[in-house]
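Below is one structure; the comments refer to it alone.
The values are calculated or read from the model by the stated rules, or taken from the named source; none is laboratory data. In this text, all values refer to a predicted model and were calculated from it rather than measured experimentally. Note: ideal-geometry Cβ built from the backbone for every residue, glycine included; neighbour counts use all protein chains shown. Note: accessible area is taken over every heavy atom of the protein model, side chains too, but ligands, DNA and RNA are not part of it. Shrake-Rupley method; radii C 1.70, N 1.55, O 1.52, S 1.80 Å.
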Amino acid sequence: MGRIVLDHAVLKETLDRLKGEGKTVVFTNGCFDILHVGHVRYLRGAKALADILVVAVNSDASTRRLKGKGRPVVPESERLEILAALEMVDYLTLFHTDTVEPLLRLLKPHIHAKGTDYTEESVPERAVVREYGGRVAIVGDPKDHASSTLIDVIKDADA
């Protein structure tokens, strides 16, 4: 079960200690608004790359800026709680910025994992990851699932 660490300095200390013990760290991020099988496969794929999986979750405000009005459907505290219950997740944190770059610069994970809707060349944070000596990896199944699709299906069912 994942541990929620909202203080980024504390998370950095924890990860630095684990790295010092020889553990590899993979980091991923997203809104995870309505959890679906695509998320599970993505997180499983990320965890397979390293010893420790850190998941950074967009805050409610960040999700709203990214996804628009009416999002998120599930509040940040509940999204964190749901993700913490998944066996592959080791640590979770929130981020409030529009990009996860500041958190990557602070934590310096060995691997930054993104979903199959990206290529290694199109990952927005790739330059930051390479700057500190990390690598980017693409994981998960084809992007056939999305929270927005589920929301549309639910809306159509009510019509």
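Descriptive notes on the structure:
- Taking region 22-46 as the range and being buried (at least 23 other Cβ atoms within 10 Å of the Cβ), out of contact with any Leu (no Cβ under 6 Å at 6 or more places or on another chain) and part of a strand (DSSP E or B) as the test, the residues that pass are F27, T28.
- Every pair of residues 6+ apart whose Cβ atoms lie under 6 Å, when the first sits in region 29-41 and is closer than 26 Å to K108 by Cα while the second is of a type in the set (D, E, K, R) and open to solvent by less than 30 Å² (accessible area, probe 1.4 Å): F32/R79
- Taking residues in region 107-136 that are among the polar types (S, T, N, Q), and partners anywhere that are open to solvent by 70 Å² or more (accessible area, probe 1.4 Å), the pairs with Cβ atoms closer than 7 Å and at least 6 places apart or on different chains are T116/P142; T116/K143.
- Scanning region 42-69 for residues that are over 21 Å from K19 (Cβ atoms) and in contact (Cβ under 8 Å) with a residue 24 or more places away in the chain yields Y42, R44, G45, V57, N58, S59, A61, S62, T63, R65, L66, K67.
- With a requirement of 2 or more residues that are loosely packed, with under 15 Cβ neighbours inside 10 Å, among the charged types (D, E, K, R) and at pLDDT 95 or above, the helices (runs of 4 or more DSSP H) lying completely within region 62-159 that satisfy it span 76-84, 126-131.
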